[in-house]
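Accompanying notes for the structure given below.
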Amino acid sequence: MAVSSAPLLLVIAGPAGSGKSTLCDRLLQERRKFSRVVTTTTRPPRPGEINGIHYHFFSADEFRRRLAAGDFLEWARVHGNHEDRLYGTLRSSVIDPLEAGRSLVLNIDVQGVENFRRIATENATLRAALTTVFIVVDPVSMAERMRRRGQDGEPEIARRLQTAQLELREAPKFDFRIESRSREEDFAALLAIIDRVRPGTIGSA
């Protein structure tokens, strides 16, 4: 078991409606030893989003330039209704904080997690810190949660449910799995995982 002073990179994934974003936000709010990994996108900022806090917002040209320079740990092209968007995680957003001893939390899709696993086989800093968690939620609960959020119409919910079936097949590859129940139960399960991997890390807010 790793010593508690070692930094942790906690990577959380799960289908839409699984509550992974809520878990990440609460962990950051209540456990100040963790910082958020700020990922990068070519989509424009939504109302209230701040560059460098919610995302690094790059133009497509800047993203491709940085990609060619080897600045990204992982990246993906996400197909949208109008045009494709590029998403990625800068090496400096992960490796630099870990080497400085800071624990990180990151919410990405299963494709991104697989990329992190691959890179960790070649990068000792990442390999020592990486812990992956998958949030499992049944399709009925998933659809209900998305409807309550009110952000997606029925066609989009149906599409996300189809995607979720593929994502759920990846769950056995993760270090830990949380069977989603209530927000309190899910958060308690996450803290238990952190305490198991890095004893003492959750001891203070």
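The values are calculated or read from the model by the stated rules, or taken from the named source; none is laboratory data. Here the structure is a predicted model, which means the values were calculated and not measured. Neighbour counts run over all protein chains shown; Cβ positions are idealised from the backbone, glycine included.
Looking only at residues of the stretch 128-139 that are in a strand (DSSP E or B) and hydrophobic (A, V, I, L, M, F, W, C), we find that the one that is farthest from Leu98 (Cα to Cα) is Val136. Within the stretch 84-100, the set of residues being within 11 Å of Phe58 (Cβ to Cβ) and hydroxyl-bearing (Ser, Thr, Tyr) comprises Tyr87 only.
Among the strands (runs of 3 or more DSSP E) confined to the stretch 4-79, the ones with at least 2 residues that are touching a residue at least 60 places away in the same chain (Cβ under 8 Å) are located at 9-13, 34-36. Screening His54 against (1) outside the structural domain of Pro172 (by TED's automatic domain parsing); (2) modelled with pLDDT of 95 or more; (3) closer than 27 Å to Ala189 by Cα leaves a single unmet condition, (2).
Matching residues to (1) within 26 Å of Thr132 (Cβ to Cβ); (2) crowded, with 18+ Cβ neighbours inside 10 Å; (3) out of contact with any Asp or Glu (no Cβ under 8 Å at 6 or more places or on another chain):
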site: Leu9; (1), (2), (3): yes, yes, yes
site: Lys20; (1), (2), (3): yes, yes, yes
site: Arg26; (1), (2), (3): yes, no, yes
site: Arg43; (1), (2), (3): yes, no, yes
site: Asn51; (1), (2), (3): no, no, yes
site: Phe63; (1), (2), (3): yes, yes, yes
site: Arg66; (1), (2), (3): yes, yes, yes
site: Ala69; (1), (2), (3): no, no, yes
site: Glu74; (1), (2), (3): yes, yes, yes
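Scanning the stretch 108-127 for any residue that is surrounded by 15 or more Cβ atoms within 10 Å (Cβ to Cβ), in a helix (DSSP H, G or I), in contact (Cβ under 8 Å) with a residue 24 or more places away in the chain and hydroxyl-bearing (Ser, Thr, Tyr) turns up at least one such residue. Scanning for something crowded, with 18+ Cβ neighbours inside 10 Å, in a strand (DSSP E or B), touching a Phe, Trp or Tyr at 6+ places or on another chain (Cβ under 8 Å) and modelled with pLDDT of 95 or more, does the stretch 89-102 turn up at least one residue? Yes, that holds for at least one residue. Restricting the search to the stretch 17-73, which residues are among the aromatic types (Phe, Trp, Tyr) and out of contact with any helix residue (DSSP H, G or I) (no Cβ under 6 Å at 6 or more places or on another chain)? Hits for the stretch 17-73 are Tyr55, Phe57, Phe58, Phe63, Phe72.
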